[in-house]
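For reference, the structure is listed below as structure tokens.
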Amino acid sequence: MRQKNDRFTRRLSGQELVLGCLILLPLFFYCNSYIGSAIVKWTILTFNLSITSTNANIWLNFVVDLITALVAVIILRKFIKRQWKDFMNNKLSIIVAGCFLGFFLNICANAIGSSIVKLFVDQSSSVNQQQVESLTKSIPAVMFFVTGFLAPIGEELIFRGVIFTGLRKYNRFLAYVVSAFLFGFIHVMNSVFAGNIFEMVQMIPYAFSGIVFAYIYESTDNIWASILTHMTNNIFALLVILF
């Protein structure tokens with residue numbers, strides 16, 4: 001069991017926080033999709049590949065999430081190392097919290113969020129969710145790796161590792177609200193910027209999930225717990241799509 005006087009392992013160093021804010025956040029919110037698109041287009045043109053738009057989107061997601069995860073791991077490597085050491089000392093409690101408690105809370109949060117969405121729009125799922133379903137049915141193996149593993153690692157390091165942790169030491173409520181809002185918004189951002197402003201409503205279930213991920217992270221004091229919750233949630237959703 002953990003002792004109440006355990007070191008506050010969530011805290012980032014000043015260098016990690018600055019690099020996370022100045023490099024990782026802009027990369028994820030703005031540059032990543034452009035870099036990913038450039039790499040995919042260059043590969044197709046260079047090797048004269050014949051590829052459908054669906055397959056191109058799948059590989060774009062792969063490249064984007066891979067870049068995000070790699071850059072996040074490089075920038076936050078010391079933070080990750082500290083968190084991994086803590087995970088190895090408290091494996092059972094973190095796994096239970098991440099894979100079971102977090103999963104249950106997230107199911108409840110999604111149900112509530114989806115119910116709220118239905119009060120405003122008839123469409124039950126976001127454009128992002130519809131795209132995930134379409135891509136998963138096309139190449140399930142790649143989407144399982146991307147959505148089930150890469151995305152949770154990169155997104156948790158950004159939204160809980162940098163945003164939540166950075167704000168948490170100043171204001172706990174603000175940390176929850178901002179990290180959850182941005183996590184929700186990123187899933188509808190492309191549709192909103194394309195002119196579909198009503199898609200903003202669809203961010204509610206994602207934001208509620210963001211609150212759950214932040215709670216699991218905070219309550220265990222370990223980023224691997226929220227990563228496990230995120231992975232469990234995404235893998236379950238992918239299995240539902242396929243079966």
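The values are calculated or read from the model by the stated rules, or taken from the named source; none is laboratory data. No experiment lies behind these values; they were computed from the predicted model shown. With ideal geometry, Cβ positions are generated from the backbone for all residues, glycine too; neighbour counts draw on all protein chains shown. Remember, those area values only see protein heavy atoms, side chains included, never the ligands or the DNA or RNA. Shrake-Rupley method; radii C 1.70, N 1.55, O 1.52, S 1.80 Å.
Descriptive notes on the structure:
- Close pairs from region 198-218: first under 18 Å from residue 151 (Cβ atoms), partner outside any helix (DSSP H, G or I) and at pLDDT below 95, Cβ under 6 Å, at least 6 apart: 202/126; 202/188; 203/188; 206/187
- In region 7-53, the residues that are touching a residue at least 24 places away in the same chain (Cβ under 8 Å), small (Gly, Ala, Ser) and open to solvent by 40 Å² or more (accessible area, probe 1.4 Å): 13, 33
- Within region 137-151, residues that are farther than 24 Å from residue 225 by Cα and open to solvent by 30 Å² or more (accessible area, probe 1.4 Å) reach partners that are not aliphatic (A, V, I, L, M) and not in a helix (DSSP H, G or I) with beta carbons closer than 9 Å, at six or more positions or on different chains, in the pairs 138/52.
- Selection within region 168-203: residues that are charged (D, E, K, R) and open to solvent by 50 Å² or more (accessible area, probe 1.4 Å). The member of this set that is farthest from the chain's Cα centre (by Cα) is 169.
- Flag for residue 206 being open to solvent by 10 Å² or more (accessible area, probe 1.4 Å), at negative phi and in contact with a His (Cβ under 6 Å, 6 or more places away or on another chain): yes
For (1) touching a residue at least 12 places away in the same chain (Cβ under 8 Å); (2) of a type in the set (S, T, N, Q); (3) open to solvent by less than 50 Å² (accessible area, probe 1.4 Å); (4) out of contact with any Lys or Arg (no Cβ under 7 Å at 6 or more places or on another chain), each residue gets a yes or a no:
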| site | (1), (2), (3), (4) |
| --- | --- |
| 81 | no, no, no, yes |
| 92 | no, no, no, yes |
| 95 | yes, no, no, yes |
| 101 | yes, no, no, yes |
| 105 | yes, no, no, yes |
| 108 | no, no, no, yes |
| 112 | yes, no, no, yes |
| 120 | yes, no, no, yes |
| 131 | yes, yes, no, yes |
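- Residues in region 114-148 that are in contact with a helix residue (DSSP H, G or I) (Cβ under 6 Å, 6 or more places away or on another chain) and over 19 Å from residue 63 (Cα atoms): 114, 116, 117, 120, 121, 126, 127.
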